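Read the structure below first, then the notes.
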Amino acid sequence: MRVNSPITINKTVIKNRLTMAPTVKFDYAEDDGKVTERHVEHYRERAEHECGLICVEATAVSPEGRFCKTHLGLWEDSQAEGHKAIVEACHKYGAAVIIQLNHTGITTTPDVGPAIGPSAVPVKTPAKMSREMTIDEIHETQELFVKAAIRAKSAGYDGIQLHGCHGYLINQFISRKTNLRTDEYGILTYENRARFASEIITKIRECCGPDFIISVRTAGIEPNVSSAISIAEEYVKAGCDYLQVSTGIEWEDSSLKERGEPYNLICSLGVRFHDHFAGRVPVSCANGLLDPKTVRYLIEHELVDTVDLARAVLADPAFCEAVLNNAKFTKCSNCLRCQYGPGMAHRCPALSKRMGLNVF
């Protein structure tokens, strides 16, 4: 298998095995959550440089479930128009496009909404404790995801990705640290832990049709790989087409050890998932993939189906061309705190070097 080999996810043909991971542009949006020209150009440029599939950044399904006030949204119809521009810009260059839908749950910042989640647990807000969601609130929040997916389809997206990792709401339902419930959404079984997201998947499939891609960016370890795979099985049963694997809240698997592979332990979670789901559901890995050789190694050895790229394509939008064609590129500087992150005004030294700028 070659990195430039097409792959079909559901009914959508992806032209190569390189995907852009959802990476939030914290200072692009305004309080209205609408797409700006900066968003459109950002994604267009990555599509132009041969990214096969682009996953647009975490997009809030509710104004109360944002990271902050400058968080992209799809909680109302008026926001869909801007997303059409992103989709059209990426489709022009042959890239498939999906969008990550998210609710922050207990990690919501106080200036946008209350910290609510599966259970009342300690949180870093003035309230000190999150508030447990009622069954009605669970169902209402699920409906927010479904309505956002419908808006995404109306904007032309090829599918959506549910943000099910990194400690946000869907992840909070599958983790024993944040879900203390004993009802049908509680921790007693894998089915119950996955139910919140599984029901969202089922409803999106009903509303958006059989050909719409439904991906989950899922926790690869919660608290161990075996448990995380069992939860992902529930997602697949519900209709998930594509698993993009990252980290969660818990990490208690002693079987995860450095063994001299050219990729890190987080990336190895995707490899483990691929071993399990091979031939059934495409699986992508992520994290620390800054060298074209490592990306090619993962695909050519059939360790995963696709590779999610984040910092590499932030530092240089042409990184995919380096992987595909051995083109020259500017490598990510691997800053301890990514200079593309919140409050950094995108002062990425690698990006600045590529553009011939000195922003420091």
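The values are calculated or read from the model by the stated rules, or taken from the named source; none is laboratory data. No experiment lies behind these values; they were computed from the predicted model shown. Please note: Cβ atoms are built from the backbone with ideal geometry, for glycine as well, and neighbour counts cover all protein chains shown.
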> Looking at Glu57, Glu50, which one is out of contact with any Phe, Trp or Tyr (no Cβ under 7 Å at 6 or more places or on another chain) and at positive phi?
Replying inline: Glu50
> Within the range 201-222, is there a residue that is of a type in the set (S, T, N, Q), touching a Gly at 6+ places or on another chain (Cβ under 8 Å), surrounded by fewer than 21 Cβ atoms within 10 Å (Cβ to Cβ) and more than 20 Å from Ile106 (Cα to Cα)?
Replying inline: yes
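Listed here are the residues, each with its yes/no results for (1) surrounded by 18 or more Cβ atoms within 10 Å (Cβ to Cβ); (2) at pLDDT below 80; (3) closer than 24 Å to Arg38 by Cα.
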| residue | (1), (2), (3) |
| --- | --- |
| His301 | no, no, no |
| Gly343 | no, yes, yes |
| Cys348 | yes, no, yes |
| Met355 | no, yes, yes |
>> Between a residue in the range 157-182 that is over 12 Å from Ala219 (Cβ atoms) and any residue that is aromatic (Phe, Trp, Tyr) and not in a helix (DSSP H, G or I), which pairs come within a Cβ distance under 6 Å, given they are 6 or more apart or on different chains?
In response: Gly159/Phe212
> If only one of Arg131, Arg176, Arg181 is within 30 Å of Trp251 (Cα to Cα) and touching a strand residue (DSSP E or B) at 6+ places or on another chain (Cβ under 7 Å), which one is it?
Replying inline: Arg131
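Out of all the residues in the range 121-141, which are charged (D, E, K, R) and part of a helix (DSSP H, G or I)?
Scanning the range 121-141 gives Asp136, Glu137, Glu140.
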>> Regarding the range 40-61, can at least one residue be identified that is in contact (Cβ under 8 Å) with a residue 40 or more places away in the chain, within 21 Å of Ser215 (Cβ to Cβ), surrounded by fewer than 19 Cβ atoms within 10 Å (Cβ to Cβ) and of a type in the set (D, E, K, R)?
In response: no
>> Tell me yes or no: at least one residue of the range 182-193 is within 21 Å of Ile9 (Cα to Cα) and surrounded by 20 or more Cβ atoms within 10 Å (Cβ to Cβ).
In response: no
> For the range 99-116, does any single residue satisfy the condition of being over 23 Å from Asp31 (Cβ atoms) and touching a residue at least 24 places away in the same chain (Cβ under 8 Å)?
Replying inline: no
> When the range 217-234 is examined, which residues are found to be polar (S, T, N, Q) and in a strand (DSSP E or B)?
Replying inline: Thr218
> Of all the strands (runs of 3 or more DSSP E) wholly in the range 1-112, which have at least 1 residues that are modelled with pLDDT of 95 or more and within 30 Å of Met129 (Cβ to Cβ)?
Replying inline: 53-60, 96-102
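Could you say which residue among Glu250, Glu234 is in contact (Cβ under 8 Å) with a residue 24 or more places away in the chain, over 20 Å from Gln100 (Cβ atoms), surrounded by fewer than 21 Cβ atoms within 10 Å (Cβ to Cβ) and within 19 Å of the chain's Cα centre (by Cα)?
Glu250
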> Only one residue in Leu290, Leu303, Leu256 is of a type outside the set (D, E, K, R), touching a residue at least 24 places away in the same chain (Cβ under 8 Å) and under 20 Å from Arg46 (Cα atoms), so which one is that?
Replying inline: Leu290
